[in-house]
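The values are calculated or read from the model by the stated rules, or taken from the named source; none is laboratory data. All values reported here derive from a predicted model rather than from experimental measurement. Every residue, glycine among them, receives a Cβ derived from its backbone with ideal geometry; neighbour counts consider all protein chains shown.
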Amino acid sequence: MAAAEPGFPELRQVVLDSTDARALAEFYRQLLGLAYRPGDEPPPMFAGDVYKAEGLPQVPRSLPEATLEFEGSALFRETFGAEVVEHLVHFARTEQRKFDEVVTSWERRRYLERA
């Protein structure tokens, strides 16, 4: 990386941080003149106790769950193309398979203490 010219700062990282990520995303959507595609509009803001609420959408809790969601996403297939999606799905499944082949330090501690 070339050094910054004398008298000019060198930008190393750009960080967008917000206490309201949804408002920040909406700000940039409007700033850039982007529009939601039909069906892609965000749901209304949740009001109430999220810990007691039932039926809320959930993010995947594991790599296999996320891989299935990604693989079945029409949005990702349309955006990146089927070849890219299939490549990334294959990569994720390979990573999971390799992880599953290893005995973790947690498993060693947990199951050796019970032996």
Could we say that PRO60 is surrounded by 11 or more Cβ atoms within 10 Å (Cβ to Cβ), of a type outside the set (Lys, Arg) and assigned to a loop (DSSP other than H, G, I, E, B) here?
yes
Could you tell me which numbered condition VAL89 fails, if it satisfies all but one of (1) of a type in the set (A, V, I, L, M); (2) touching a residue at least 24 places away in the same chain (Cβ under 8 Å); (3) in contact with a helix residue (DSSP H, G or I) (Cβ under 8 Å, 6 or more places away or on another chain)?
(2)
As an exercise: evaluate ALA53 against (1) assigned to a loop (DSSP other than H, G, I, E, B); (2) surrounded by 10 or more Cβ atoms within 10 Å (Cβ to Cβ); (3) at pLDDT below 85 and give the number of the one condition it does not meet.
(3)
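Right, SER73: within 19 Å of the chain's Cα centre (by Cα) and at pLDDT 95 or above or not?
Values: within 19 Å of the chain's Cα centre (by Cα): yes; at pLDDT 95 or above: no.
So SER73 does not fit the description; no.
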Any residue in segment 13-21 that is part of a helix (DSSP H, G or I) and surrounded by 10 or more Cβ atoms within 10 Å (Cβ to Cβ)?
yes
Evaluate the following for GLU26: is it of a type in the set (Asp, Glu), in a helix (DSSP H, G or I), closer than 30 Å to PHE99 by Cβ and free of Cβ contacts under 8 Å to residues at least 40 places away in the same chain?
no
Being more than 21 Å from GLU65 (Cβ to Cβ) and assigned to a helix (DSSP H, G or I) is the filter here; which residues of segment 83-106 pass it?
GLU83, SER105
